[in-house]
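Following: one structure in structure tokens, then a few remarks.
The values are calculated or read from the model by the stated rules, or taken from the named source; none is laboratory data. Everything numeric in this text was worked out from a predicted model, so none of it was measured. We place every Cβ from the backbone using ideal geometry, glycine too, and count neighbours over all the protein chains shown.
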């Protein structure tokens, strides 16, 4: 069979005959994510890098145009699969804005709580994978333990460990099960205990500092120019955080800080994520304290499915259910861009509706994709081994990057 | 406030403006993109280029809307620009001279919709692969069309 390369690198020949071209990926044991990096090396130094993503492209936006608004929810899970709830909520908010629906107070606070909870899981995963690739197995196992507790706990709530599909347009699929909040506090305390160990293992670790300090450095202007958002932008010292700047959900009522870095190197990105988890924990506790009682979904039969008990007993409820499943929610014509602060940065949904049951156009502004656009600038000039450390700290998630 | 200022100061650089769920939307023609974005960046601090995409209206003339989103880090405001381009000449100027992030994002819009970004010399496919025929997010591209880069394995008829 004839072999055709799916990519055409702009690095086909080296400028200097002594340089070599090295291909990393798309499936490489030391990169977490399917991505291909073609690098021109002078000895151990990376001279140029060409980054190719797209190996996980599933045509999310095309699929979305052929599905009803509710049926898109499981697809959004698979964007950033380390923090599916954040994607769920960002998507739901975009549709709700178009519909003009105000979610219930309990739903608002629960979404905030779960966003932060999932953010912790995402940051934990990112740090775990990064340090594991640098050889820190103990830290990896500690962090994975926390992550698994969180996933098991969310499994109890949503029925899935990773792809939750927990949101519904206009609310949530179900309320908290009994004893969920008690277990939450246990896990938070467990998290604090383990995170202290991580601080002890990594913060002043000679090997870790050598691999991360002054590696992959960027200035604030550079980060803005290349479209970086989220913890990576904040690690350069710019306190841009959508939770503070353009508040959504219950964030205006929460008391929290926006941690920033000093230098914008790998170490700062690690530390900003660690500090963000502290803030998230504090926010989760505030949410638990302020969690109002009441229904989790709005009462609006145009949008929310009727209760099962009614569907089985009343004709109107059956018809309502049928119409919502087959035709989908009728979203008024218009367009909206709605962005949330996902663990990786600004996750925006640009939605165009023509008034029918499925979106006319759906576009995801995914942070990972924008981050990959400027990745080569962080690799060039450093060593081959630094690719792994820098790439890890970017927390590129294939599902979100390639859609 | 800032929206008011933009619509007043730059009123000869766009054709229409309206509000979309709290965000200012400016509609303009392709040749005004570069001067408008330059002024937005320099005078109003829209220093973060968030996104570019397109919307396809096969029945309409001109057929495509190219949609830009920008963010101003000191004002914490977003703005959307919409540019209509025809199918016969789907060309807009590139923004790579102003924003580095435009490099990747324009590549995606180029392969998905066939919009050409004049001046961007690197429009290789990014999410799709080399040799892909057509533009998958156009409305006339069937959702179930397949063009595998490696032939599917033929069904083996006998034996296991």
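Things worth noting here:
- All strands (runs of 3 or more DSSP E) inside the range A:305-403 with 1 or more residues being at positive phi: A:334-342, A:345-353
- Some residue of the range A:238-252 being farther than 30 Å from residue A:396 by Cβ and surrounded by fewer than 20 Cβ atoms within 10 Å (Cβ to Cβ): yes
- Residue check: residue A:255 meets all listed conditions (1) over 20 Å from the mean Cα position of the chain (by Cα); (2) part of a loop (DSSP other than H, G, I, E, B); (3) free of Cβ contacts under 8 Å to residues at least 40 places away in the same chain; (4) under 26 Å from residue A:379 (Cα atoms) but one, namely (4).
- Criterion violated by residue A:356 - all others in (1) at pLDDT below 90; (2) within 11 Å of chain B (Cβ to nearest Cβ) satisfied: (2)
- Within the set A:373, A:392, the sole residue that is within 12 Å of chain B (Cβ to nearest Cβ), buried (at least 23 other Cβ atoms within 10 Å of the Cβ) and touching a helix residue (DSSP H, G or I) at 6+ places or on another chain (Cβ under 6 Å) turns out to be A:373.
- Some residue of the range A:194-209 being assigned to a loop (DSSP other than H, G, I, E, B), without any contact (Cβ under 8 Å) to a residue 40 or more places away in the chain and within 20 Å of the chain's Cα centre (by Cα): no
- Some residue of the range B:32-50 being within 12 Å of chain A (Cβ to nearest Cβ) and in a helix (DSSP H, G or I): yes
- Restricted to the range A:91-109, and to residues there that are away from every other protein chain (no Cβ under 14 Å) and out of contact with any helix residue (DSSP H, G or I) (no Cβ under 8 Å at 6 or more places or on another chain), the residue that is surrounded by the most Cβ atoms within 10 Å (Cβ to Cβ) is A:107.
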